[in-house]
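J.: The structure that follows is given in the form of structure tokens.
Taken together, the values in this text are just the output of simple stated rules run on the coordinates, not laboratory data. Note that this is a predicted model, so its numbers are computed, not measured. Cβ sites come from the backbone with ideal geometry, for glycine too, and all protein chains shown count toward neighbours.
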């Protein structure tokens, strides 16, 4: 089999290699197999290419949260409480395994699902904020202003002579007691019944 590598192909290989194309892509453009590109690049001492397979770094040692952070227990109904949600929101980037050390009754999958629901709910609230109902002001109360007092003259009541001066009723027209009056030592004109209601002497009370 003739050697396919001519000076033109080698020059194009060097150019494509520097541009960072993959060995499969370079072989497709040059009409050479991928293994042929790798072997020729090795013989030309071209700069080594980074392996597409990323080396997995060793897992970091798990460090639980400090004891100064209080632990939270789940309620009896097993629903996530507001206190548990507050812990999840306080540490939004913490691993579920780390949060499980604080939420002692929850396992990492439960915490992961709960955090996803909280994030979905907050995103929905951000897109569709809750519109509060407008404040309805109460109608102003009707204030009744009393009319100013009139300047009419007071009514003078006249008591019939010889009759009791007791008047019944809270407002005019009043009704006069028609019982014959007895003029007492006090100078008041009452009948015996009304006199006892409006005036009583100490001597009579003591008796």
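J.: Would you work out if region 62-129 is rounded, prolate or oblate? Take a ≥ b ≥ c from the square roots of the eigenvalues of the alpha-carbon gyration tensor; rounded if a/c is under 1.5, else prolate when a/b is larger than b/c, oblate otherwise.
T.: Values: a/c = 2.06, a/b = 1.57, b/c = 1.32.
Here region 62-129 falls in the prolate category.
J.: Work out how much length residue 28 to residue 168 would gain on full extension: take 0.36 nm times their residue separation and subtract the Cα-Cα distance, in nm to one decimal.
T.: Stretched fully, the residue 28-residue 168 segment lengthens by 37.7 nm.
J.: Given labels modelled 7 Å from the Cα in the Cβ direction, how far is it in nm from residue 119 to residue 61?
T.: 2.9
J.: Which FRET efficiency value, to the nearest 0.05, is calculated for residue 46 and residue 91 with the Förster distance at 41 angstrom and r the Cβ-Cβ distance?
T.: Approximately 0.25, to the nearest 0.05.
J.: Still on this structure: Can you give the extra length, in nm with one decimal, that the chain gains between residue 107 and residue 9 once fully stretched, where that is 0.36 nm per residue apart less the Cα-Cα distance?
T.: Length difference between fully extended and current span is 29.3 nm.
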